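Trainee: Handing you this structure, nothing more for now.
The values are calculated or read from the model by the stated rules, or taken from the named source; none is laboratory data. Since the structure is predicted, the reported quantities are computational estimates derived from the model, not experimental observations. Backbone-built Cβ (ideal geometry, glycine too); neighbour counts: all protein chains shown.
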Amino acid sequence: MASSALPRSLADDLRSRSAGQIVRLLRLRPDLLQPWPADLGQLARRASDDASVLEAMQSLTTPELRVLAVFACLHEAGLDQLAQALPDDTDLERTVGSLWARALLWGGPDTYRIARAAQQSFGPYPCGLVAQSHTAADAQAVRDAADLVAADQLRDWVWHNPVSTQPHPLLIQRGEQYVLSREASLVLREGAYLPPVQAPASAEPAEPARGHSLWAVLAGVRYLLTDLTRQDLPSHAVRGVSRRGAADRAEQMKVPVDDLLVWLELAAAAGLVGLHEGSCRPTPAARAWLAGDAEQMWTALMTAWLRSDRLLGDCLPEMLGSLTSTVQPRTALHRLHILSVWPPAGRLDVDQLRELVAWERPRMHEAVEQVPGVYRELLALGLIEAGTPTAAMAELPEAVRAAARCLPEAQADGLIVQPDGTVIAPLGIDNPTWQLLQSIAHVESWGPVVMHRIDPARLRSTVGGRDPHEVLGALTSASKTPIPQSLEYAVHDASRSSGVRVYPATVVEGGAAEAEQLVRLGLTQVSDRVFTSAQRPDEVVRLLQTAGVATTEGPEQVFATALERAVSEAAPDDAAVARLVEHLLDAQPVPDAVPPELHPADPQTVADVCRQAIAEDRRVWVRYAQDDGVRTELVEPIDLRVGRLSGWSLNAARMITVPLARIAAVGGDDD
C-alpha cells in the first residue's frame with residue numbers, strides 16, 4: 001500500500017502510490033478531476049480541500065465513519081490502536097484500506113494520519129471525547145465519582161457532551177468550563193471510543209423478478225407521444241402541466257393519472273416532450289426515439305432517468321406542477337447511492353431500504369429522505385416487483401445497455417382480434433404493430449394487457465383511398481387469431497372513401513361525397529371541391545380525422561422545444577483518466593516482467609481472484625484473448641462489474657478493460 005516510513009504529507013503519499021491506486025482514487029472521488037490536475041501536488045491540494053473531503057465523506061458507510069472518528073481523536077494511529085479503540089468492530093484493516101484509497105487517511109502501513117478537513121468535520125469533541133490531558137486517571141476514583149451522578153447525566157457526559165458549566169468531582173476545569181477528561185471517559189467506557197452498533201438485518205434472499213413489467217413505462221411513453229401527436233396537452237410556461245390537466249388527459253387516454261405523470265416526467269427528462277405556445281408537444285427527438293428498437297428506446301429512458309435531478313411523478317405545490325424546469329438538486333446523486341446499496345437478489349420494503357441507506361450512507365441525509373420517492377420510481381419503472389429487483393436493476397447504473405438486454409423481446413404477432421371489434425394486445429408489442437393499432441383503434445383500458453377498440457372514424461381516416469388488403473394483411477401478420485369477417489367488411493367499406501386534401505393555407509379540397517360533411521364541420525365552401533377554414537391547418541386535420549374523414553395531404557407536424565433541466569454530469573471517461581494518470585506519474589511499461597506458470601480458470605474463479613485482489617490492493621497476472629492474439633500482463637485490478645475487469649496494466653502502462661469470458665488464466669500476485 002505504501003512504504004513503511006510515514007510520508008511527510010499527502011502529496012508524498014500520492015507520489016508513492018501506483019498508477020492503479022491513483023486511478024482508483026479518481027474513481028472514488030471524481031470531483032478531483034474538475035478541473036483536471038496538472039501534477040500530483042495539485043491533486044493532493046485538491047484532495048485536502050474542505051469541500052472535496054466533505055463530499056467524499058458523504059459516500060462513507062457507518063463502519064468507515066466510526067474508524068475515521070477514532071482517527072479524528074488520535075490524529076494518527078496504527079491498526080493495533082484502532083482495534084483497542086473499536087473492540088467490537090470487524091474488518092478494520094479493510095476499512096482503513098478503503099479510507100486510504102479515498103485519501104481521507106494517508107501514510108501506512110504501520111501508521112496512518114487523518115486528513116485535516118476530515119478531522120475538523122467531527123467538531124471539537126470527536127467520539128464525544130475532549131483533547132488528551134496526558135494525565136493518568138485513577139480508575140477506582142473515577143468510578144466512585146461516577147456513582148454520584150444520575151444515570152442520564154452520566155451517559156450524556158460519557159458518550160455525547162463531555163462539557164458542563166457546573167463543577168463536579170468527576171469533572172476537571174478547563175477555562176470557564178468543566179469537562180470530563182478523556183482518560184476518565186475511557187475508564188467509564190472500558191476503553192472503547194464508540195459504543196457498539198448493530199448493522200441492519202440482511203435482506204431476505206429472493207430469485208430475481210422476471211421483469212415482465214419492464215415494458216410498462218416504455219409502452220406508456222410510446223402511448224403518450226402518440227396521443228400528444230394527435231392532441232396537445234395544455235401547459236403553462238412556468239407552472240407546467242397542472243394536476244387537473246393531467247387528470248383530464250389520463251381519463252381521456254384511459255390510464256391512471258399517476259402513470260401518466262411518470263411518463264410525462266420521463267419523456268421530458270429524455271427530451272422527447274417539451275413546450276410550444278402554451279402546450280406540451282413531442283420534440284423532434286421523439287420521432288427518432290419512436291423509430292428505434294426496444295432496447296434503444298429503453299436505454300434512452302433509463303439513461304435520462306438516472307441523470308435527472310427530479311423524481312418521477314412528483315406534482316407537488318413546491319414543484320409547481322408536472323413538466324417544469326424545477327428540480328431538487330443532487331437527486332440524481334442520491335438516487336445512484338440508493339441503487340448502489342441495494343443487495344443483489346435481496347427483497348426489501350421501503351422501511352428496510354431506508355434503514356439500509358441510513359447505515360450505508362449516514363451522512364447523506366437527503367438520500368434517506370428520498371428513499372420513498374426512489375422506491376416508487378423503481379416500482380413504476382418495473383425495476384422491482386413486490387420488493388424484489390429484476391435482473392435489469394442489478395446492471396444499473398453502471399451499464400444501462402447491459403440492463404436493456406433484460407427487457408422481454410417485443411412481440412410482432414401478439415394481438416388477439418375479436419368479433420366485437422376489440423383487440424387485446426400485450427404491452428410489449430413492436431413499434432409497427434403499435435402504430436397500426438393506433439391508426440385504426442383507440443385504447444379502451446390500460447394494464448398488463450391493453451384493450452383496444454376499433455374506431456370507425458380512425459379506420460375510415462386511415463384506410464380511405466388505400467388498398468384494403470394492405471391493412472388486412474398487416475393485421476393478419478400481427479394477430480394470433482384469424483381476422484373476424486365483420487372487421488374485413490369494415491375495412492373494405494372504409495377503403496371506398498377517396499379522402500380529401502388539406503393544404504397549408506387551410507384550404508381543403510374534397511369531393512362531392514364529403515361536401516355536406518365538411519360544411520357541417522364548419523368549413524366554408526367556396527366552390528364545388530374547395531373549402532376554407534379560419535382554423536390552423538393542423539387543427540383542421542385533427543377535426544377531420546376525429547370525424548372519420550380521411551386526409552391524404554396535410555401540414556408538417558409542429559414540434560416543441562425540449563425543457564432545459566438540471567442533470568448530473570456524466571462520469572469521466574476511463575481512457576481519459578488513464579491518460580491523465582500516465583501523465584501524472586510518467587508511467588513507464590515494464591516489459592521484462594516474467595509471468596509465473598498460470599493455470600486455466602473459469603470466469604467465476606477469475607472473478608473471485610480479481611475481487612480479492614481489489615480488496616487487498618494486490619497485482620495479478622492475467623492471460624486474455626484480444627483481436628490481435630493472446631496477451632499475458634501484470635495488472636492492478638481496479639474495478640469488477642458487469643462481467644468486466646478494469647485495471648492498470650504494468651506491462652503496457654495503460655488501463656485495460658477485459659470481459660471475464662475472454663480471460664483464460666489468472667494468478668501469481670506481485671507486490
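Trainee: For the structure I just gave you, tell me whether D50 is under 30 Å from R182 (Cβ atoms) and surrounded by fewer than 18 Cβ atoms within 10 Å (Cβ to Cβ).
Mentor: Yes: the conditions hold for D50.
Trainee: May I ask you to list pairs of residues, at least six apart or on different chains, whose Cβ atoms are under 7 Å apart, with the first in segment 104-121 being in contact (Cβ under 8 Å) with a residue 60 or more places away in the chain and under 11 Å from M57 (Cα atoms) and the second being outside any loop (DSSP other than H, G, I, E, B) and among the charged types (D, E, K, R)?
Mentor: A117/D50
Trainee: Pull up segment 160-170, narrow it to residues that are part of a loop (DSSP other than H, G, I, E, B) and touching a residue at least 12 places away in the same chain (Cβ under 8 Å), then point me to the one that is surrounded by the most Cβ atoms within 10 Å (Cβ to Cβ).
Mentor: The qualifying residue surrounded by the most Cβ atoms within 10 Å (Cβ to Cβ) is L170.
Trainee: Identify all residues within segment 353-391 that are part of a helix (DSSP H, G or I), under 26 Å from G211 (Cα atoms) and small (G, A, S); write none if there are none.
Mentor: Within segment 353-391, A367, G373, A380, A391 meet the criteria.
Trainee: Here are L640, L598: which of them is assigned by TED's automatic domain parsing to the domain that holds L660, more than 15 Å from Q21 (Cβ to Cβ) and in contact with a helix residue (DSSP H, G or I) (Cβ under 8 Å, 6 or more places away or on another chain)?
Mentor: L640 is the lone residue from the list that is assigned by TED's automatic domain parsing to the domain that holds L660, more than 15 Å from Q21 (Cβ to Cβ) and in contact with a helix residue (DSSP H, G or I) (Cβ under 8 Å, 6 or more places away or on another chain).
Trainee: Any residue in segment 194-210 that is in a helix (DSSP H, G or I) and surrounded by 14 or more Cβ atoms within 10 Å (Cβ to Cβ)?
Mentor: Checking segment 194-210: not a single residue is in a helix (DSSP H, G or I) and surrounded by 14 or more Cβ atoms within 10 Å (Cβ to Cβ).
Trainee: Also: Out of the residues in segment 221-247 meeting the condition of being in contact (Cβ under 8 Å) with a residue 60 or more places away in the chain and surrounded by fewer than 19 Cβ atoms within 10 Å (Cβ to Cβ), tell me which one is nearest to T390 (Cα to Cα).
Mentor: Checked segment 221-247; the qualifying residue nearest to T390 (Cα to Cα) is R243.
Trainee: Given the conditions (1) part of a loop (DSSP other than H, G, I, E, B); (2) more than 23 Å from T546 (Cα to Cα), report the number of the one that H469 does not fulfil.
Mentor: H469 satisfies every listed condition except (1).
Trainee: Which members of segment 453-471 meet the condition of being surrounded by fewer than 21 Cβ atoms within 10 Å (Cβ to Cβ) and either more than 26 Å from Q517 (Cα to Cα) or more than 42 Å from the chain's Cα centre (by Cα) (or both)?
Mentor: P456, A457, G464, G465, R466, D467, P468, H469, E470
Trainee: Having 1 or more residues that are at negative phi and modelled with pLDDT under 85 is the bar; report the strands (runs of 3 or more DSSP E) wholly within segment 581-671 that clear it.
Mentor: In segment 581-671, the matching strands (runs of 3 or more DSSP E) lie at 620-626, 629-641, 644-649, 654-659.
Trainee: Now a separate question. Considering segment 505-538 alone, what residues qualify as being outside any loop (DSSP other than H, G, I, E, B), free of Cβ contacts under 8 Å to residues at least 12 places away in the same chain and exposed (fewer than 14 other Cβ atoms within 10 Å of the Cβ)?
Mentor: Within segment 505-538, E516, R520, T524 meet the criteria.
Trainee: Let me ask you something else. Provide a single number: the residues in segment 238-274 that are under 19 Å from the mean Cα position of the chain (by Cα) and of a type in the set (V, I, T).
Mentor: 1
Trainee: Here's something else I'd like to know. Could you grab the pairs with beta carbons closer than 6 Å, sequence gap of 6+ or different chains, first residue in segment 615-632 and closer than 14 Å to G667 by Cα and without any contact (Cβ under 8 Å) to a residue 40 or more places away in the chain, second one among the basic types (K, R) and part of a strand (DSSP E or B)?
Mentor: Going by the 6 Å Cβ cut-off, the qualifying pairs are T632/R623.
Trainee: When you check I663 against the structure, is it touching a helix residue (DSSP H, G or I) at 6+ places or on another chain (Cβ under 6 Å), within 19 Å of D574 (Cβ to Cβ) and β-branched (V, I, T), yes or no?
Mentor: Considered against the rule, which asks whether it is touching a helix residue (DSSP H, G or I) at 6+ places or on another chain (Cβ under 6 Å), within 19 Å of D574 (Cβ to Cβ) and β-branched (V, I, T), I663 comes out as yes.
Trainee: Shifting gears a bit: How many residues does segment 59-100 contain that are within 30 Å of the chain's Cα centre (by Cα) and among the polar types (S, T, N, Q)?
Mentor: 5
Trainee: Something else now. Contact list please: Cβ distance under 7 Å, first residue in segment 652-668 and assigned by TED's automatic domain parsing to the domain that holds T632, second residue surrounded by fewer than 18 Cβ atoms within 10 Å (Cβ to Cβ) and among the polar types (S, T, N, Q), pairs at least six apart or on different chains.
Mentor: Pairs that qualify, where the first residue is assigned by TED's automatic domain parsing to the domain that holds T632 and the partner is surrounded by fewer than 18 Cβ atoms within 10 Å (Cβ to Cβ) and among the polar types (S, T, N, Q), are A653/Q588.
Trainee: Here's something else I'd like to know. Where in segment 46-139 are there helices (runs of 4 or more DSSP H), lying fully within it, with 2 or more residues that are farther than 21 Å from A11 by Cβ?
Mentor: Answer list for segment 46-139: 62-74, 79-85, 92-101.
Trainee: Go over the candidates P397, P419 one by one and state the one that is under 31 Å from the mean Cα position of the chain (by Cα), assigned to a loop (DSSP other than H, G, I, E, B) and modelled with pLDDT under 95.
Mentor: So the residue among P397, P419 that is under 31 Å from the mean Cα position of the chain (by Cα), assigned to a loop (DSSP other than H, G, I, E, B) and modelled with pLDDT under 95 is P397.
Trainee: Right, V327: surrounded by fewer than 20 Cβ atoms within 10 Å (Cβ to Cβ) and touching a Phe, Trp or Tyr at 6+ places or on another chain (Cβ under 8 Å) or not?
Mentor: No; evaluated as a whole, the condition is false for this residue.
Trainee: Would you mind stating whether A403 is buried (at least 20 other Cβ atoms within 10 Å of the Cβ) and not basic (K, R)?
Mentor: yes
Trainee: Among the helices (runs of 4 or more DSSP H) confined wholly to segment 258-343, which include 2 or more residues that are over 30 Å from D430 (Cα atoms) and out of contact with any Ser or Thr (no Cβ under 6 Å at 6 or more places or on another chain)?
Mentor: Once the helices (runs of 4 or more DSSP H) in segment 258-343 are filtered for at least 2 residues that are over 30 Å from D430 (Cα atoms) and out of contact with any Ser or Thr (no Cβ under 6 Å at 6 or more places or on another chain), what remains is 331-341.
Trainee: For L225, which of the numbered conditions (1) more than 30 Å from P408 (Cβ to Cβ); (2) in contact with a helix residue (DSSP H, G or I) (Cβ under 7 Å, 6 or more places away or on another chain) fails to hold?
Mentor: (1)
Trainee: For segment 56-75, give me the residue count where each residue is without any contact (Cβ under 8 Å) to a residue 60 or more places away in the chain and within 18 Å of L186 (Cβ to Cβ).
Mentor: Going through segment 56-75 one residue at a time, the tally reaches 5.
Trainee: Hey, S121 hits all of (1) surrounded by fewer than 16 Cβ atoms within 10 Å (Cβ to Cβ); (2) in contact with a Leu (Cβ under 9 Å, 6 or more places away or on another chain); (3) in the same structural domain as T90 (by TED's automatic domain parsing) but one; which does it fall short on?
Mentor: So the condition that S121 fails would be (1).
Trainee: Exactly one condition in (1) over 15 Å from G128 (Cβ atoms); (2) surrounded by fewer than 19 Cβ atoms within 10 Å (Cβ to Cβ) is not met by L218; state its number.
Mentor: The single condition L218 does not satisfy is (2).
Trainee: Would you point out the residue of segment 466-512, among those that are among the charged types (D, E, K, R) and under 30 Å from T532 (Cα atoms), that is modelled with the highest pLDDT?
Mentor: The selected residue is D493.
Trainee: Considering E55, E76, E93, which residue is outside the structural domain of V368 (by TED's automatic domain parsing) and closer than 28 Å to R330 by Cβ?
Mentor: Exactly one of E55, E76, E93 is outside the structural domain of V368 (by TED's automatic domain parsing) and closer than 28 Å to R330 by Cβ, namely E55.
Trainee: Can you name the residue in segment 562-612 that is in contact with a Lys or Arg (Cβ under 7 Å, 6 or more places away or on another chain) and of a type in the set (A, V, I, L, M) and, of all such residues, is nearest to L225 (Cα to Cα)?
Mentor: Applying the filter and picking the extreme gives V567.
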